[in-house]
1. Condition test on Gln46, is it open to solvent by 80 Å² or more (accessible area, probe 1.4 Å), assigned to a helix (DSSP H, G or I) and either at pLDDT below 95 or touching a Lys or Arg at 6+ places or on another chain (Cβ under 6 Å) (or both)?
2. Can you tell me which residue in the stretch 95-104 is nearest to the chain's Cα centre (by Cα), limited to those that are assigned to a helix (DSSP H, G or I) and farther than 15 Å from Ala116 by Cα?
3. Can you pull out the residues in the stretch 46-68 that are hydrophobic (A, V, I, L, M, F, W, C) and under 24 Å from Gly101 (Cα atoms)?
4. For the subset of the stretch 53-84 comprising residues that are in contact with a helix residue (DSSP H, G or I) (Cβ under 7 Å, 6 or more places away or on another chain), assigned to a loop (DSSP other than H, G, I, E, B) and under 14 Å from Ile30 (Cβ atoms), which member is modelled with the lowest pLDDT?
Amino acid sequence: ARRIHPMISIVDIESAERASHPLEVARRGIEAQESANAALYSLALQHEASGRLANATAAYRQLLDQPLIAEADALHAAPGDPSLRLRFLALMNLSNLEASGGEPEQALQHALGAVALDERDGRLWLRIGRLAGAARLAALERHSLEHAVLASPHNQLAWCALDALLRRVGDTK
């Protein structure tokens with residue numbers, strides 16, 4: 001009986017070499033971590049939507065502890081880096097939960113962490129201003145409300161909050 005051997009093409013060999021290349025292995029590992037991080041973020045959102053706020057808080061904190069998320073840095077990240085975006089969203093959502101759960105200091109710290117990643121969110125600046133006001137941090141409150149107005153010039157809540165602060169401190173120029 002005649003035995004037929006499959007032919008191995010050069011393309012097959014090159015594909016096998018690429019698949020075992022250390023950079024390709026590292027890329028696949030990062031993609032797997034990014035996928036797991038996205039799933040954890042989704043789980044946190046599900047907990048939050050279902051009213052399981054303690055579980056949501058724990059999931060956001062667990063996400064923030066993941067290496068790719070913990071190391072995401074606005075200065076060194078590529079545009080559209082999913083880890084940077086997840087870090088920003090987790091910090092914002094955790095800040096919201098903490099503020100509503102009676103942890104204003106933690107909420108402020110997490111909101112400041114989020115704004116360090118993306119300064120363009122006027123609603124986040126407004127939240128920081130309100131948290132700073134509640135903590136009686138007038139300079140941070142003013143700075144944040146001014147940034148809120150600059151980031152979102154049509155946000156009437158930001159304008160009203162800034163106006164109220166300026167009247168309260170006597171700066172009506």
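1. On the way: open to solvent by 80 Å² or more (accessible area, probe 1.4 Å): yes; assigned to a helix (DSSP H, G or I): yes; either at pLDDT below 95 or touching a Lys or Arg at 6+ places or on another chain (Cβ under 6 Å) (or both): no.
Taking the combined requirement at face value, the residue does not satisfy it.
2. Residues of the stretch 95-104 that are assigned to a helix (DSSP H, G or I), as a first pass: 95-100, 104.
The next check asks that each one be farther than 15 Å from Ala116 by Cα; those that pass are 96-100, 104.
Numbers: Asn96: 12, Leu97: 14, Glu98: 15, Ala99: 17, Ser100: 19, Pro104: 19 Å.
Filtering the stretch 95-104 for residues that are assigned to a helix (DSSP H, G or I) and farther than 15 Å from Ala116 by Cα, the one nearest to the chain's Cα centre (by Cα) comes out as Asn96.
3. Of the residues in the stretch 46-68, the ones hydrophobic (A, V, I, L, M, F, W, C) are 49, 53-54, 56, 58-59, 63-64, 68.
Once the filter is applied, which keeps residues that are hydrophobic (A, V, I, L, M, F, W, C) and under 24 Å from Gly101 (Cα atoms), the stretch 46-68 yields Ala49, Leu53, Ala54, Ala56, Ala58, Ala59, Leu63, Leu64.
4. That would be Ala77.
Every residue, every condition in (1) in contact (Cβ under 8 Å) with a residue 60 or more places away in the chain; (2) among the aliphatic types (A, V, I, L, M); (3) open to solvent by 30 Å² or more (accessible area, probe 1.4 Å), yes or no:
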position: Ser35; (1), (2), (3): no, no, yes
position: Leu40; (1), (2), (3): no, yes, no
position: Leu53; (1), (2), (3): no, yes, yes
position: Ala56; (1), (2), (3): no, yes, no
position: Arg61; (1), (2), (3): no, no, yes
position: Ala70; (1), (2), (3): no, yes, yes
position: Leu75; (1), (2), (3): no, yes, yes
position: Pro79; (1), (2), (3): no, no, yes
position: Arg85; (1), (2), (3): no, no, yes
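Matching residues to (1) within 20 Å of Leu91 (Cβ to Cβ); (2) in contact with a Cys (Cβ under 9 Å, 6 or more places away or on another chain); (3) open to solvent by 70 Å² or more (accessible area, probe 1.4 Å):
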site	(1), (2), (3)
Ala107	yes, no, no
His110	yes, no, no
Asp121	yes, no, no
Leu124	yes, no, no
Arg136	no, no, yes
Glu141	yes, no, no
Leu150	no, no, yes
Ala161	no, no, no
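The values are calculated or read from the model by the stated rules, or taken from the named source; none is laboratory data. Note that the structure is a prediction, hence the values are computed from the model and not measured. Quick reminder, even Gly has a Cβ in these numbers, built from the backbone with ideal geometry, and neighbours come from all protein chains shown. When the accessible area is computed, the model is the full protein with side chains, heavy atoms only, and any ligands, DNA or RNA have been set aside. Shrake-Rupley method; radii C 1.70, N 1.55, O 1.52, S 1.80 Å.
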